[in-house]
Amino acid sequence: MKVNVILGLQWGDEGKGKIVDVLSPEYKLIARFQGGPNAGHTLEFNGIKHVLHNIPSGVFRENTLNLIGNGVVLDPVIFKKEIEKIENMGINITKNLYISRKAHLILPSHRLLDAASEKVKGKSKIGSTLKGIGPTYMDKTGRNGLRIGDIEKNLQDKYQVLREKHKSLMQIYDYDYDIRNEEIEWFESIETLKRFTFVDSEYLVNQYINDGKPILAEGAQGSLLDIDFGTYPYVTSSNTICAGVCTGLGIAPSLIGEVLGVFKAYCTRVGSGPFPTELTNDTGEAIRNKGHEFGSTTGRPRRCGWIDLVALKYSIMLNGVTQLVMTKADVLDSFDTIKVATAYKMGSETIHHFPFEIDAGIEPVYIEMKGWKCDISGKRQKEELPSEFIHYIHFLETELNIPVTYISVGPDREQIIKMR
């Protein structure tokens, strides 16, 4: 049995959480492999909207075990708030959520360092969510971090050592702060963490593989935010691509199975950074309003633009995608025509590869397609879809050379069409 993977192919916010929720009944284990509470995975069912940050998106499926893997960084305070919301629904989450002992903890001072760093950068800030993600990963790679397993032994002593290091850094930033109340809340939230089962997750995952139990690895953010291959420096601090599954869960590359790449029918981005197909006109505003494109974690308006096949092909290559999942197809229902970027123009040169650096000089090369001018949000079968929409899908499949297996036509878990 191999591990299937679901991840985003754009700049995050592709709708991965909903797709994981839809597919999770087919799996015995859903495992988050990277990222932290900067993720905002939105699920909707029974008329209720749920936003998950630390917790895997299979948590509402009773017979599915969920795992926060070693590649994740976890904020105990945000985790506690998530748990309380879920438990208020009458769900006993402690029985189907495990946490890796090797996952790293976000401290209150990590959030302060994040804010101080952004302030110093001024206009060149990267648009951090200010959740302390970057400083936590820095401590992880600097071999200074606190891990979930430290809760079981000498947490207070290790916390004080790391806190003193952070105090010295704050002096360099000349940043005023007082985290006494945040520290009290943090240690109270640690008590909530103690209610959960801590595991050596690499053994758990590999035992499931050996036992033939199906596993789905869930990514956060998107491939174009990957620390190595994204639009650096406007990226996150972890490997969001498929390779991150191996290090984030402790499995061999040969054990990766199907890779489902999720993308929107258009593009969005939150925060700073290059965005070749961005629309700063009425069309972009129309997409934002119809798609309710506001960050589920930050609330910030998302930048919107046409779909970018140059970037999409790049992400597909990096991840070894075997199946595509399109989300928010219904958002484009009202457009007479739809544009698709198939190349970039750099000066007099037309290129089809994703360049080392994207600047204002790059212009997308578009083709224009006829819109379907039809409300598809109520459709549930492929045969019900308008011919113009089917043509759009076939065009993408031909260009990307990967089949589109699912189409999401609305936020609810029932608004999904299986194409193959």
Within the stretch 378-393, residues in contact with a strand residue (DSSP E or B) (Cβ under 9 Å, 6 or more places away or on another chain) and surrounded by fewer than 16 Cβ atoms within 10 Å (Cβ to Cβ) come out as ARG380, GLN381, LYS382, GLU384, GLU388, HIS391
Kindly provide the set of residues from the stretch 187-201 that are surrounded by fewer than 16 Cβ atoms within 10 Å (Cβ to Cβ) and in contact with a strand residue (DSSP E or B) (Cβ under 9 Å, 6 or more places away or on another chain), ordered by number. THR197, ASP200
Could you please find all residues in the stretch 143-186 being exposed (fewer than 15 other Cβ atoms within 10 Å of the Cβ), closer than 19 Å to VAL77 by Cβ and among the hydrophobic types (A, V, I, L, M, F, W, C)? ILE184
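I'd like to check something: does the stretch 95-110 contain any residue that is modelled with pLDDT under 95, out of contact with any helix residue (DSSP H, G or I) (no Cβ under 8 Å at 6 or more places or on another chain) and over 23 Å from ILE179 (Cα atoms)?
Let us first name the residues in the stretch 95-110 that are modelled with pLDDT under 95, namely 95-96, 108-110.
Still in the running and out of contact with any helix residue (DSSP H, G or I) (no Cβ under 8 Å at 6 or more places or on another chain): 95-96.
Filter again for over 23 Å from ILE179 (Cα atoms), leaving 95-96.
Yes: the stretch 95-110 contains one or more residues that are modelled with pLDDT under 95, out of contact with any helix residue (DSSP H, G or I) (no Cβ under 8 Å at 6 or more places or on another chain) and over 23 Å from ILE179 (Cα atoms).
I'd like to know if the stretch 126-142 contains one or more residues that are out of contact with any strand residue (DSSP E or B) (no Cβ under 7 Å at 6 or more places or on another chain), charged (D, E, K, R) and loosely packed, with under 15 Cβ neighbours inside 10 Å.
Initially, the stretch 126-142 is screened for residues out of contact with any strand residue (DSSP E or B) (no Cβ under 7 Å at 6 or more places or on another chain), giving 126-132, 134-135, 138-139, 141-142.
After this cut, where a residue has to be charged (D, E, K, R) as well, the list is 131, 139.
The next check asks that each one be loosely packed, with under 15 Cβ neighbours inside 10 Å; those that pass are none.
Checked against the condition, which is being out of contact with any strand residue (DSSP E or B) (no Cβ under 7 Å at 6 or more places or on another chain), charged (D, E, K, R) and loosely packed, with under 15 Cβ neighbours inside 10 Å, the stretch 126-142 yields no hits at all.
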Select from the stretch 208-226 the residues that are among the aliphatic types (A, V, I, L, M) and touching a helix residue (DSSP H, G or I) at 6+ places or on another chain (Cβ under 8 Å) and write down the one among them that is farthest from ASN319 (Cα to Cα). ILE209
From the option list LEU332, LEU309, single residue qualifying as touching an Asp or Glu at 6+ places or on another chain (Cβ under 7 Å) and either within 23 Å of THR280 (Cβ to Cβ) or hydroxyl-bearing (Ser, Thr, Tyr) (or both) is LEU309
List the strands (runs of 3 or more DSSP E) inside the stretch 314-420, counting only whole elements, that have at least 1 residues being of a type in the set (Phe, Trp, Tyr), farther than 27 Å from PRO274 by Cα and modelled with pLDDT of 95 or more. 404-408
Among the residues of the stretch 335-388, what is the count of those that are touching a Gly at 6+ places or on another chain (Cβ under 7 Å) and charged (D, E, K, R)? 2
Just for strands (runs of 3 or more DSSP E) wholly inside the stretch 1-102: which have at least 1 residues that are under 28 Å from LEU155 (Cβ atoms)? 29-32, 48-52, 65-68, 97-100
When you go through PHE263, PHE275 one by one, which is the residue that is part of a loop (DSSP other than H, G, I, E, B), farther than 23 Å from ILE55 by Cβ, modelled with pLDDT of 95 or more and not basic (Lys, Arg)? PHE275
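Which residue is surrounded by the most Cβ atoms within 10 Å (Cβ to Cβ), if the candidates are limited to the stretch 329-360 and must be polar (S, T, N, Q) and touching a helix residue (DSSP H, G or I) at 6+ places or on another chain (Cβ under 8 Å)? Step through it out loud before you land on a result.
First pass over the stretch 329-360, keeping only residues polar (S, T, N, Q): 334, 337, 342, 348, 350.
Next, from what is left, pick out any that are touching a helix residue (DSSP H, G or I) at 6+ places or on another chain (Cβ under 8 Å): 334, 342.
Values: SER334: 13, THR342: 18.
It comes out as THR342.
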Of the residues in the stretch 228-260, those that are over 17 Å from TYR203 (Cα atoms), part of a loop (DSSP other than H, G, I, E, B), of a type outside the set (Asp, Glu) and over 13 Å from the mean Cα position of the chain (by Cα) come to PHE229, GLY230, THR231, TYR232, PRO233, TYR234
Among the residues in the stretch 57-72, are any closer than 18 Å to THR240 by Cα, of a type outside the set (Asp, Glu), buried (at least 24 other Cβ atoms within 10 Å of the Cβ) and modelled with pLDDT under 90? yes
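The values are calculated or read from the model by the stated rules, or taken from the named source; none is laboratory data. All values derive from a computational prediction rather than experimental measurement. All Cβ positions, glycine included, derive from the backbone under ideal geometry; neighbour counts span all protein chains shown.
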